[in-house]
1. Quick one: in the range 155-165, of everything that is of a type in the set (G, A, S) and in contact with a helix residue (DSSP H, G or I) (Cβ under 7 Å, 6 or more places away or on another chain), which residue is surrounded by the most Cβ atoms within 10 Å (Cβ to Cβ)?
2. Can you tell me which of (1) under 30 Å from G168 (Cβ atoms); (2) part of a helix (DSSP H, G or I); (3) open to solvent by 70 Å² or more (accessible area, probe 1.4 Å); (4) of a type outside the set (S, T, Y) is the one F14 doesn't meet?
3. Based on what the data block shows, is I28 of a type outside the set (D, E, K, R), within 23 Å of the chain's Cα centre (by Cα) and in a helix (DSSP H, G or I)?
4. For the range 82-109, which residues satisfy the criterion of being within 30 Å of I35 (Cβ to Cβ) and surrounded by fewer than 17 Cβ atoms within 10 Å (Cβ to Cβ)?
5. Say we look at the range 64-81 and pick out the residues that are without any contact (Cβ under 8 Å) to a residue 40 or more places away in the chain, closer than 30 Å to T184 by Cα and aliphatic (A, V, I, L, M); which of these is surrounded by the fewest Cβ atoms within 10 Å (Cβ to Cβ)?
6. Among the residues of the range 30-63, what is the count of those that are over 30 Å from A120 (Cα atoms), open to solvent by 30 Å² or more (accessible area, probe 1.4 Å) and small (G, A, S)?
7. Only residues in the range 24-49 that are on the phi < 0 side of the Ramachandran plot and touching a residue at least 24 places away in the same chain (Cβ under 8 Å) count as the first member; pair them with residues that are open to solvent by 80 Å² or more (accessible area, probe 1.4 Å) and part of a helix (DSSP H, G or I), Cβ under 7 angstrom, at least 6 apart or cross-chain, and list the lot.
Amino acid sequence: MIETAVRFFQEGGFFMYPIAVVLAIGVIVAAERYIYLSAQKMTNRRDFNRLHQMISKKDLKGALNYANEAGSAMASMLGFGLQRLARRQSREEIEYAMEEGLLEVMPRLEKRTQYLSTLANISTLLGLLGTIIGLIAAFTAVASADPSQKASLLSQSISVAMNTTAFGLMAAIPLLLIHSVLQTKTNEIIDSFEMAGIKVLNLINDGTGGKPAAAAKAPQNEQPASPAGSMA
C-alpha cells in the first residue's frame, strides 16, 4: 500500500510537491483549530458554571473579579455585562455590553478556519494545472515520436498527467470535510454564548424582580380608595 502510494506520488510530476505542501499546512491548521476549540468548549463551560453560581448567590463583585482573571472567551463576554451591572445600568445596556463582548471574542474562535476551504481550492487547482501542463507536454512529445509508438506513449503520458488531478482531489476532499466539522464546532460554541447570555440576563432579572413587583402593588392598594371617595 505504501509502495503504491509512493509510486503514485513519484509518477505525478512536479506539481505533486506543492499539493503535498498545501495538504500538510491544512492538516496543521486543522489540528491546531480542533485542539483550540475543544479546549475553549471545556473552559467556557467551566467558567459559565462558576459565574452562574456566583451570580445566583448575588456575589457580583466576586463574579466580576473571576471574569476579569479567568481569561476565557465566555468569562470575557459575561465580564462586559457584569461591568454594566455593577454600574446599575438597565437590562438593555447589559445585553448590549454582552453582545459587544461576543463580537470581540468571535474572531478568536473563527481564526484560520476559513483557510481550510481556501487550501482545498488551491489543492484542486494545482492538480488541474499539473494535469494540463502534463497533457501539453505529452502531446508535444507524441508529435515528434515514431508513429508506431504514439498510441502507447500518449496513453502513458496521460495516465501520469492525471495523477496530479487525483492527488489534488485526495487532498481537497478531507480538507473540506475538516472545514465543515470545525465550522459546526465553532457555531455550537457561539450558540452557547448566546444561551449563556440569556440565562445570565434572566438570572439578573430574577434577582431584582422583587422591586418592580412591590412597586406594582402600590396602584392596586390605592384602587379601593377611589370608589370610597366617590361614594362620599
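The values are calculated or read from the model by the stated rules, or taken from the named source; none is laboratory data. Keep in mind it's a predicted model, so treat the numbers as computed, not measured. Quick reminder, even Gly has a Cβ in these numbers, built from the backbone with ideal geometry, and neighbours come from all protein chains shown. SASA here: full protein model, heavy atoms, side chains in, ligands and nucleic acids out. Shrake-Rupley method; radii C 1.70, N 1.55, O 1.52, S 1.80 Å.
1. A161
2. Single failed check for F14: (2).
3. So I28 passes the test.
4. Across the range 82-109, the qualifying residues are E99, E100, L103, E104, M106, P107, R108.
5. Once the filter is applied, the top-ranked residue is A70.
6. Summing the residues that are over 30 Å from A120 (Cα atoms), open to solvent by 30 Å² or more (accessible area, probe 1.4 Å) and small (G, A, S) in the range 30-63 gives 1.
7. Going by the 7 Å Cβ cut-off, the qualifying pairs are V29/Y115.
Residue-by-condition table, conditions (1) within 28 Å of P107 (Cβ to Cβ); (2) over 11 Å from the mean Cα position of the chain (by Cα); (3) in a helix (DSSP H, G or I):
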position: S159; (1), (2), (3): no, yes, yes
position: M162; (1), (2), (3): no, yes, yes
position: G168; (1), (2), (3): no, yes, yes
position: A171; (1), (2), (3): yes, yes, yes
position: S180; (1), (2), (3): yes, no, yes
position: T184; (1), (2), (3): yes, no, yes
position: N187; (1), (2), (3): yes, no, yes
position: I190; (1), (2), (3): yes, no, yes
position: M195; (1), (2), (3): yes, yes, yes
